[in-house]
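What follows is calculated from the coordinates using simple rules that are stated; it is not laboratory data. This structure is a prediction, so every number in the text was calculated from the model and none was measured. We place every Cβ from the backbone using ideal geometry, glycine too, and count neighbours over all the protein chains shown.
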Amino acid sequence: MSATRYTYLGPEGTFTEAALRTLPEAATRELVPMVSVPAALDAVRNGEAAAALVPIENSVEGGVTATLDELASGEPLMIYREVLLPIAFALLVRPGTKLSEIKTVTGHPVAQPQVRNWLRAHLPDAVWESAASNADGARLVQEGRFDAAFAGEFAAATYGLEALVTEIHDAENAETRFVLVGRPARPAAPTGADKTSVVLWLGDDHPGALLELLQEFAVRGVNLMLIQSRPTGAGIGNYCFAVDAEGHISDRRVGEALMGLKRICPKVRFLGSYPRAGVAVEDVSALRRGTSDLEFMEASDWLARAQDGRA
């Protein structure tokens, strides 16, 4: 395995590359762009790279399905870190292009909902066609296949383009969450401001099946930050659920919730416990009464005494 190589969703000039370069260790790694999320993750699975950075959630569009599906299937991988990156688009064109001359535009499919209103107001007749990534859209403009691309302003220099308009976003404070993924290993020690990710499969479809899963978290005071259903491929109505929960697997409340889920789910895939990006320990909400590690241990001690006739 190449311990010095990180892959990411390419080509050069993507928001994913910008997010990866915010990590201190990126300065000492070989950063290799890949054509897709599956390709970036497969490089980790087959030992060509130590880790991959891929997008997993957008504040406007929700979960990035390609990443969620890849993490739920195939050889297991684990999330070690997350990165939050503010997202604003620039309209990149070949030098000299005027706004009135733009008839075709491109960008990643996730970008379109974030610039839809701007397009309607300023380029109502332009035809949109999706690209593999925003940076790939910039490359296609460079090659003359489209008139303009929505991408990060930083991609302009890479592809010999100019930013005709900058700071384009329909939603204020839009951001994308990226995750650094590697092969499974022991999670890092808890920081006090952590997140745990899992994928859960329902045993069978019956009234209250999803509620039963959620109750395993609720009764232990574990707050959920994301829950998204994804088809399993086994037929209509068959779904698994990607879940992000507050806390670390070593926290008693989180560990016992996962044990409860393992009892009732035919399959549980642990995706990692890792620090929450941009959240300090002092910003974490206070635990509900009865859900701290100390209270779990006191309850366990009480049960032991009761079983010994000492309660």
How large is ³J(HN,Hα), in whole Hz, for each residue of the stretch 24-34 in order, when computed from phi with the Karplus curve 6.51 cos²θ - 1.76 cosθ + 1.60 and θ = phi - 60°, using x for Gly and Pro? x, 6, 4, 5, 10, 10, 7, 9, 10, x, 10
List the trypsin sites (Lys or Arg not before Pro) in the stretch 189-295 that DSSP assigns to loop (not H, G, I, E or B) and whose Cβ has at most 14 other Cβ atoms within 10 Å. Which are they? ARG288, ARG289
Potential extension, GLU48-VAL32 segment - 0.36 nm per residue separation minus Cα distance: 4.7 nm
Gaussian network model of the chain, Cα springs within a sub-10 Å range: biggest mean-square fluctuation belongs to which of SER36, SER273, SER100? SER100
Could you work out the local net charge near LEU123, counting Lys and Arg as +1, Asp and Glu as -1, over the other residues with Cβ closer than 15 Å to its Cβ? -1
P(r) for the stretch 13-107: what percent of alpha-carbon pairs falls in each 5 Å bin, starting at zero? 2, 10, 19, 21, 17, 12, 9, 5, 4, 1
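Between LEU214 and ALA39, what FRET efficiency follows from the Cβ-Cβ distance if R0 is 41 Å, with the result rounded to 0.05?
Details: r = 34 Å, r/R0 = 0.84.
Computed FRET efficiency for LEU214 and ALA39: 0.75.
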What does the charge add up to near PRO275, with Lys and Arg as +1, Asp and Glu as -1, over the other residues with Cβ less than 9 Å from its Cβ? +1
If unit charges are put on Cβ atoms (+1 for Lys and Arg, -1 for Asp and Glu) and the dipole of the chain is taken about its Cα centre, the option from PRO231, HIS169, VAL32 lying farthest towards the positive end turns out to be PRO231
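Largest first and in whole Å, give the semi-axes of the stretch 87-166's equivalent ellipsoid, each being the square root of 5 times a Cα gyration tensor eigenvalue.
The equivalent ellipsoid of the stretch 87-166 has semi-axes of 16, 14, 12 Å.
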Projected-area average for the chain over all orientations - Cα convex hull basis, square nanometres: 19.7
Which translational diffusion coefficient, to the nearest whole µm²/s, is obtained for the stretch 194-311 from the Stokes-Einstein equation, given a Kirkwood hydrodynamic radius over C-alpha pairs, 37 °C and 0.692 mPa s? 210
At 0.36 nm per residue, and after removing the present C-alpha to C-alpha distance, how many nm does the segment from ALA286 to ARG183 gain when stretched out fully? 33.8 nm
Can you return the aspartates and glutamates within cross-link range of LYS98? Criterion is Cα-Cα under 12 Å, with same-chain partners fewer than 8 residues away left out. ASP147, GLU162
List the GluC sites (Glu not before Pro) within the stretch 156-210 that fall in a DSSP loop (any state other than H, G, I, E or B) and whose Cβ has at most 15 other Cβ atoms within 10 Å. GLU172
Binned Cα-Cα distance frequencies in the stretch 144-260 - 5 Å width, integer %: 2, 8, 14, 15, 12, 11, 10, 10, 8, 6, 4, 0
Listed residues ALA121, ALA39, ALA193, most fluctuating in the chain (Gaussian network, C-alpha, under 10 Å): ALA121
